[in-house]
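**Q** Questions regarding the structure given below will be posed in turn.
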Amino acid sequence: MTPTTRTRWAIFSLTGPAYLWLACTIFLPLLAMLALSFLDKSPLVPKPPEFTLGNYGAFFAKDFYWSLTRWSVELGLWVTFFCLLIGYPAAYALAKRIKGRWREAIFLLIVLPFWSNALVRIFSWTMVLRSNGIVDLTVQSFFPGAPAFDLLFSYPAVIIGLVHSYLPYMILTCYIALQAIDDSLVEAGRSLGATSFTTFRRVVLPLSLPGIVSGSALIFVPVIGSFMEPRILGGTKGATLGMNIEEQFTVTANWPLGAALSFILLAIVLVIFGIIYPFLRRQGGNA
Amino acid sequence: MRRFLDGGIRLYLVLVLIFLYLPILVMALFAFNRSPLYGLPFEFDLVWFEALAGNKRLLQAGWNSVWIALANTVIATTLGTMAAVAFGRYTFRGKTLMQALLFPPIAIPWLVIGTAMLVFFFWVGRSVGAPGMARGLHAILLGHVALSLPYVIFVVGARLNDYPKALEEAAATLGATPWQVFRRVSVPILAPGVVAAALFAFAVSFDQFVISYFLAPPGVTTLPVEIYTSIRKGFTPEINAISTIIIAVSMGLMLVVARFYRFGGERSGNE
Amino acid sequence: MSEVAVTGAIKRYGQVAALDGVDLTFADGEFFGLLGPSGSGKTTLLRAIAGFIALDAGEIRVDGTDIARIPVHKRNIGMVFQNYALFPHMSVAENVAFGLDVRDVPAAEIKARVAESLDLVRLSGLEARRPRQLSGGQQQRVALARALVTRPSVLLLDEPLSALDKHLRQEMQVELRRIQRQIGITTIFVTHDQEEALTLSDRVAIFNQGRVVQAGAPRAVYERPVNRFAAGFLGEANFLEGQVTALSGGEARVALVGGGELALPQGDLAAGSAVLIALRPEKISIEPGMAVGANAVAGRITAAIFSGSSLTYRVAVGERLMIVFEQNKSRAPLTEGSEVVLRWNAADNVVVAP
Amino acid sequence: MTGKTNYRRFAPVTRRRFVAGASTLGLAAGLGVGPFIRRASANTEVKVLNWQGYGTDEPWALEAFKAATGLDVVHDYYNSESEMITKLQTNPGTYDVIVTNSAWNGRASELGVIQPIDSSLISNFADLNPSFRDSAVLSADGKLYGVSWVWGMTAIAYSTDVFKEAPTSVEILWDPSLAKRVCVRDDAIEAVSFAAIATGQDMNHPADHDKIKEKLLALKPNLATMWSSEDDWNKQFQAKAFDVSIYWSGSAFRSKNTFNLPVGYFVPTEGAIGWFDGLAIGTDAPNAEGAHKFIDYMVSQEFYSKWAEVGPPASANNKAMEGLPDSDPSKAFYLDQENVKRLQFMAPLSDKERQDFSDIWAEVKTEFAK
């Protein structure tokens, strides 16, 4: 065996188990779903299904799909943006400014909320955000007669709930990327006469880009498919494509349409990442 | 100035933690509140913990969830780290495609994946003459690991900007087999990423509802399944109680772990 | 200990040949320096011997055995990396013990050999430190101890001293040589520092564009470079172009382009042929005055550089600029603008290929 | 519980053995030789597929049933009827008793996932209300595929704190004085059905979809939010998020009786949605005999009289309804023929109708969100 075949063998044996696993449990079922999205009825129905493009056609034929898609993408962008805005400085502070035991402790404290059930978390948020809720009662007890605080069933409520759910992703991916950056690089930057900000922008930021990219992907991608947070926290204001997909599976039992909508969602994700990928490559990101 | 800055940084982290913990505290608060409908004003009562102690089904569900999540964490973290290492170490054809393939599991709603899995497993099971194999703990674990893998690969990948290739080569010249290199050099170097990934894998499994729900055999249930299916009738603060216990116990465990084991990176000289 | 023989090694990366037919034999116990500019193929060869790179053609034999199919971890080599590649998560002792540990050597023996090895590199007492807590020289020694503790058949050093400051580098050179002598291991090392190569090596090979330009004992290579590249890369050289005008009595006379005449041993020169002569700056003596005869030219000093133990003169000889080294002896240094005569012995004229 | 022993197999595996173990696991799953498959113990268990917390899983009932028959009842749940069908299709021969909505029983029998029931084995069969018991939607090809169990209505609940007098018309939902005080369920079929009733159309097969869309869009200024579960409804009602809402009858009585919420409930003069649930037996049920026994128990007066304490829907067993104490407000309400006459019962929908309803609702919701 030559080293080149050995390298090939190494790649195969490192990626093989994970991708074999993914293939058996996700890719093959999803391929079946993809095939299903071109049929006019579920194969579990006794009548033979026929090929159709109608499920994809429906997406383009109905205006509301376009609105739902736009909102889902906008929601994803907002949530990713706020997670980055809040999470990156926190990750930076944790990686570069906090030393010793506190760092581990805070690191763990950031993940722990994640281990609670999403639904329980969302209901807790309703308790916080509604009028007569925690925030409202607290404000009223300190400032009687203050205007009522009621954010529940609004777009900001959806953003708050989703940012809360996904913030740990951003903090952790940025943290582990930032933590791998050698402080001497920063010192080198400073010694070459760069200001703190320039050093940050030209040295730290590019090197932590893989963390930002990973975090953003892990946030943006699921958020645009989300349906629970928008429904519970947004009331009538939280309409997303994810909710419609869910309905195709639970209410109308129209799997082919639900599958088609899912793959449109996936295509949007891939197009967006396809657009930013060359840019990231140029930045030296390893994503 | 530096001190002032550090004070500001600490304050900022505290604010972020408050934001993260606000709903958790609310959850815990209502575990101790008498009203079954999460009504205010607050009245302290342990009634929900008492109810929980008698609720075998919920306790068993919580226990099942923990076991599945642990098994999932071990498997997904190992397989995912290996794949991430391959992506970090080597440049090869098809890498970008393989990385892009990680998007479907997180982009496609779980409900769709869950349905696809259920039908696919059923179909495979039927064609090999064992339709019963479509469901069960093995199927749940298969599904959870698959859903956790992309998270693990992404998170570990975030650590791999500067891959320690020279260290691996050094280990190889010293006689370490590829597996020894991986275990004794790569893994410890990647540890912060791997630990973070493991925490994510646990969280993904611990909150996974659709897959468990579709693939669990009758009579077997997990905590998220219990929570989601009880939503129609209404879930009681017992759920808050068990969630509070889980968070409190894991917080205790993790802090103990943090006390004895450092994964935030190598020790620096002056510590 | 072992002999390493490389024959016909070729390695291409796309259109670029990193190794373009290299034949070299590293004798048992020899300290061999691979020298050349960046990208000349020296590191590629080292990595091929280590097993990180597979050759496209040719073979590497260790004691007669082709090692192409032997994976890195079974090659029994010791390697010191440019930045040492110490494991940051292990202590000094753990770093050194690693190679024994993966070979399942009993714990007691590991302990003894680690101690012995650290003693060899004079680092006893620092076992518990982490690499980050060590100075550059100490890290280098740990890397060396780690590479040697497994008793490899070949030691490979990849620019092992480049990260050290000058003083430390010289100290480590002596150290490296001492240790290598002490255990007598075949050592191949890569460097782009000619002085280092000359100081340390039993033999050196000069690489350029994937080929070995010249190999041999340092002194031989230095004194008799085969071509302009070898002469220029290993030490400084003045290059004089001319044409053979006459052959007589075993001596050839060469008329230089731009004036002046040289006499040199005939060798295999033919009358009328164009020749390129390399002349080491320290072989030239410099005196005030005007030029006369062969192997002497007149010029004017354009720069006199004082560097303590020696002086470097830049002398304009017609269109040509020549460099002359002189030991700082009793005489007062010559000043810029002085008219001088440069002289040297016929034997110091080295005919090199262009 | 056998589930627990199964977990142990997955529990800590040593690192070394782990990769091998993982691939073996994959192989085992692929070949179907996994030792993890839970085999039904056919004769001592009855497997039930139902919504969670919907009668069949009351702990006291299971104890009583076990005491009477020696059979254990094991549950699996679904969260939508569509999922129920999927679970039945992908788990043939697993379930004994399935709770099927009247609108879905036909679909299930058509797909062959439920089997005919022998009514002679149901001792309480004669006591069942004939209008449900003999309903065409519970049988196919002259065979009985479902035993009517409970029925209820989807009408309008209101806050008795806000309304001193019970409203009478469905138009209350569109009342301009109730801006941001109205709630509906986020459910396409329920919403469209209600709009059909409000516009005087056949609820199951409305002719004029545009009119329905228009009526639903007119709801926008009044809508505070949408509810998705009973739990959600109770919490929001408790927090005074709305004053009037489309709601389920059984849930309304539960909110009032169990949670002491100030809930009033009425059937509008224009009509409301009526529905009933049946109990069916899965094809190749591992314990069909036990299934018949369990169904018989579920429709018994004995079971219902106890279940009535937590506020269930109405029983299809006439005796059970009449046997309720007069103090139970639901007795009078369900037995009030004026209420029952106004109901339009949910009929099976075609796929196209279902999709149309869903699209109307999606379009309306998109307008709501704007």
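The values are calculated or read from the model by the stated rules, or taken from the named source; none is laboratory data. Since the structure is predicted, the reported quantities are computational estimates derived from the model, not experimental observations. Here the Cβ positions follow ideal geometry from the backbone for every residue, glycine too, while neighbour counts run over all protein chains shown. To get the accessible areas, we keep the full protein, side chains included, count just its heavy atoms, and leave off ligands, DNA and RNA. Shrake-Rupley method; radii C 1.70, N 1.55, O 1.52, S 1.80 Å.
**Q** Look through A:F153, A:F107 and report the one residue that is within 7 Å of another protein chain (Cβ to nearest Cβ), in contact (Cβ under 8 Å) with a residue 40 or more places away in the chain and not in a helix (DSSP H, G or I). So that I can check it myself, show each step before the final result.
**A** On the way: A:F107 fails: not in a helix (DSSP H, G or I).
Selected residue: A:F153, the only one of A:F153, A:F107 that is within 7 Å of another protein chain (Cβ to nearest Cβ), in contact (Cβ under 8 Å) with a residue 40 or more places away in the chain and not in a helix (DSSP H, G or I).
**Q** Within region D:170-198, which residues are open to solvent by 30 Å² or more (accessible area, probe 1.4 Å) and either part of a loop (DSSP other than H, G, I, E, B) or of a type in the set (S, T, Y) (or both)?
**A** D:D175, D:S177, D:A179, D:K180, D:R181
**Q** Can you tell me which residues in region B:38-81 are more than 27 Å from the chain's Cα centre (by Cα) and either basic (K, R) or in a helix (DSSP H, G or I) (or both)? Walk me through it before giving the result.
**A** Just the residues of region B:38-81 that are more than 27 Å from the chain's Cα centre (by Cα), to begin with: B:38-47, B:50-51, B:54.
Scanning region B:38-81 gives B:V47, B:E50, B:A51.
**Q** Search region D:168-187 for residues that are within 11 Å of chain A (Cβ to nearest Cβ) and closer than 14 Å to D:F368 by Cα and pair each with any residue that is basic (K, R) and open to solvent by less than 50 Å² (accessible area, probe 1.4 Å) when their beta-carbon atoms are under 8 Å apart and the residues are at least 6 apart or on different chains.
**A** Here the result reads D:D186/A:R231; D:D186/D:K365, each pair linking region D:168-187 to a residue that is basic (K, R) and open to solvent by less than 50 Å² (accessible area, probe 1.4 Å).
**Q** For a quick check of your reading: which strands (runs of 3 or more DSSP E) sit entirely within region C:288-342 and have at least 1 residues that are free of Cβ contacts under 8 Å to residues at least 40 places away in the same chain, out of contact with any Gly (no Cβ under 6 Å at 6 or more places or on another chain) and small (G, A, S)? Step through it out loud before you land on a result.
**A** Details: elements: C:296-307, C:310-317, C:320-327.
The strands (runs of 3 or more DSSP E) meeting that bar are C:296-307, C:310-317.
**Q** Would you mind stating whether C:L100 is within 29 Å of the chain's Cα centre (by Cα) and more than 8 Å from every other protein chain (Cβ to nearest Cβ)?
**A** Details: within 29 Å of the chain's Cα centre (by Cα): no; more than 8 Å from every other protein chain (Cβ to nearest Cβ): yes.
The answer is no for C:L100.
**Q** Considering only residues that are assigned to a helix (DSSP H, G or I), farther than 15 Å from D:N129 by Cα and free of Cβ contacts under 8 Å to residues at least 24 places away in the same chain, which ones fall in region D:303-330?
**A** Residues of region D:303-330 assigned to a helix (DSSP H, G or I): D:303-310, D:318-322, D:329-330.
If we keep only those that are farther than 15 Å from D:N129 by Cα as well, we get D:303, D:305-310, D:329-330.
D:S305, D:A308, D:E309, listed by residue number.
Residue by residue, here is whether (1) crowded, with 23+ Cβ neighbours inside 10 Å; (2) basic (K, R); (3) over 15 Å from the mean Cα position of the chain (by Cα); (4) modelled with pLDDT under 85 holds:
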{"position": "B:P178", "(1), (2), (3), (4)": "no, no, yes, yes"}
{"position": "B:Y213", "(1), (2), (3), (4)": "yes, no, yes, yes"}
{"position": "B:A241", "(1), (2), (3), (4)": "yes, no, yes, no"}
{"position": "B:S250", "(1), (2), (3), (4)": "no, no, no, yes"}
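**Q** Looking at (1) facing another protein chain (nearest Cβ under 7 Å); (2) open to solvent by less than 10 Å² (accessible area, probe 1.4 Å), find the lone condition where B:P150 falls short.
**A** (1)
**Q** Go through A:P49, A:P29 for me and flag whichever is over 28 Å from A:P168 (Cα atoms), at the interface with another protein chain (Cβ under 7 Å from one of its Cβ atoms) and either in contact with a strand residue (DSSP E or B) (Cβ under 8 Å, 6 or more places away or on another chain) or open to solvent by less than 10 Å² (accessible area, probe 1.4 Å) (or both).
**A** Values: A:P49 fails: at the interface with another protein chain (Cβ under 7 Å from one of its Cβ atoms).
So the residue among A:P49, A:P29 that is over 28 Å from A:P168 (Cα atoms), at the interface with another protein chain (Cβ under 7 Å from one of its Cβ atoms) and either in contact with a strand residue (DSSP E or B) (Cβ under 8 Å, 6 or more places away or on another chain) or open to solvent by less than 10 Å² (accessible area, probe 1.4 Å) (or both) is A:P29.
**Q** Within region C:297-321, take every residue that is surrounded by fewer than 20 Cβ atoms within 10 Å (Cβ to Cβ) and hydrophobic (A, V, I, L, M, F, W, C) and give me the one that is farthest from C:E236 (Cα to Cα).
**A** Our first condition is that a residue be surrounded by fewer than 20 Cβ atoms within 10 Å (Cβ to Cβ); within region C:297-321, this holds for C:298, C:300, C:302-312, C:314, C:316, C:318-321.
Filter again for hydrophobic (A, V, I, L, M, F, W, C), leaving C:298, C:303-306, C:311, C:316, C:321.
Working: C:A298: 20, C:A303: 17, C:A304: 16, C:I305: 15, C:F306: 17, C:L311: 14, C:A316: 17, C:L321: 13 Å.
For region C:297-321, the residue satisfying everything is C:A298.
**Q** While we're on this one: Mind counting the residues in region B:123-141 that are surrounded by fewer than 24 Cβ atoms within 10 Å (Cβ to Cβ), of a type outside the set (G, A, S) and facing another protein chain (nearest Cβ under 7 Å)?
**A** 3
**Q** If I ask for residues that are surrounded by fewer than 23 Cβ atoms within 10 Å (Cβ to Cβ) and either within 22 Å of A:G133 (Cα to Cα) or modelled with pLDDT of 90 or more (or both), which ones from region D:249-264 would you list?
**A** Hits for region D:249-264 are D:F259, D:N260, D:L261, D:P262, D:G264.
**Q** For region B:76-86, what are the residues that are open to solvent by less than 30 Å² (accessible area, probe 1.4 Å) and either within 8 Å of chain A (Cβ to nearest Cβ) or under 17 Å from B:P188 (Cβ atoms) (or both)?
**A** First pass over region B:76-86, keeping only residues open to solvent by less than 30 Å² (accessible area, probe 1.4 Å): B:76-77, B:79-86.
Within region B:76-86, B:T77, B:L79, B:G80, B:T81, B:M82, B:A83, B:A84, B:V85, B:A86 qualify.
**Q** What's the total number of residues in region C:146-170 that are under 17 Å from the mean Cα position of the chain (by Cα) and in a helix (DSSP H, G or I)?
**A** Here the count works out to 3.
**Q** Taking A:F263 as meeting all but one of (1) assigned to a helix (DSSP H, G or I); (2) closer than 30 Å to A:A93 by Cβ, write down the number of the exception.
**A** (2)
**Q** Separate question: Name the single residue, out of those in region C:96-117 being in a loop (DSSP other than H, G, I, E, B) and open to solvent by less than 40 Å² (accessible area, probe 1.4 Å), that is farthest from B:E169 (Cα to Cα). Working first, answer last.
**A** We begin by selecting, within region C:96-117, every residue in a loop (DSSP other than H, G, I, E, B); these are C:102-106.
Those left that are additionally open to solvent by less than 40 Å² (accessible area, probe 1.4 Å): C:102, C:105.
Values: C:V102: 14, C:V105: 21 Å.
Ranking the candidates gives C:V105 first.
**Q** Ok, one more. Select, from D:P116, D:P92, the only residue that is closer than 30 Å to B:R57 by Cα, open to solvent by 40 Å² or more (accessible area, probe 1.4 Å) and touching a residue at least 24 places away in the same chain (Cβ under 8 Å).
**A** Details: D:P116 fails: closer than 30 Å to B:R57 by Cα.
Result: D:P92 is the single residue among D:P116, D:P92 that is closer than 30 Å to B:R57 by Cα, open to solvent by 40 Å² or more (accessible area, probe 1.4 Å) and touching a residue at least 24 places away in the same chain (Cβ under 8 Å).
**Q** Looking at (1) closer than 25 Å to A:I171 by Cα; (2) at pLDDT below 85, can you tell me which one A:K237 breaks?
**A** Unmet for A:K237, out of (1) closer than 25 Å to A:I171 by Cα; (2) at pLDDT below 85: (1).
**Q** Now for a different question. Which of the numbered conditions does D:A288 fail, given that it passes all the others? Conditions: (1) crowded, with 18+ Cβ neighbours inside 10 Å; (2) in the same structural domain as D:D175 (by TED's automatic domain parsing); (3) more than 20 Å from the chain's Cα centre (by Cα).
**A** (2)
**Q** Give region D:225-247 a look and list any residue that's part of a loop (DSSP other than H, G, I, E, B) and facing chain B (nearest Cβ under 7 Å), or say none. Even if it seems obvious, please write down each step before you answer.
**A** Step one: of region D:225-247, the residues part of a loop (DSSP other than H, G, I, E, B) are D:228-229, D:239-243.
Hit for region D:225-247 is D:S229, nothing else.
**Q** What are the residue pairs meeting all of these: first residue in region C:51-72, first residue touching a residue at least 24 places away in the same chain (Cβ under 8 Å), second residue open to solvent by less than 50 Å² (accessible area, probe 1.4 Å) and assigned to a loop (DSSP other than H, G, I, E, B), Cβ atoms under 6 Å, and 6 or more apart or on different chains?
**A** C:G51/C:R75; C:I60/C:I67; C:V62/C:S2; C:D63/C:S2
**Q** In region D:60-89, what residues are open to solvent by 30 Å² or more (accessible area, probe 1.4 Å) and at pLDDT 90 or above?
**A** D:W60, D:L62, D:E63, D:A64, D:K66, D:A67, D:A68, D:T69, D:G70, D:D72
**Q** Residues of region C:118-137 being at negative phi, open to solvent by 10 Å² or more (accessible area, probe 1.4 Å) and more than 10 Å from every other protein chain (Cβ to nearest Cβ), which ones?
**A** C:D119, C:L120, C:S124, C:L126, C:E127, C:A128, C:S135, C:G136, listed by residue number.
**Q** I would also like to ask the following. For region C:64-95, which residues satisfy the criterion of being open to solvent by 30 Å² or more (accessible area, probe 1.4 Å), farther than 19 Å from C:L144 by Cα and within 7 Å of another protein chain (Cβ to nearest Cβ)?
**A** Passing the criteria: C:A68, C:R69.
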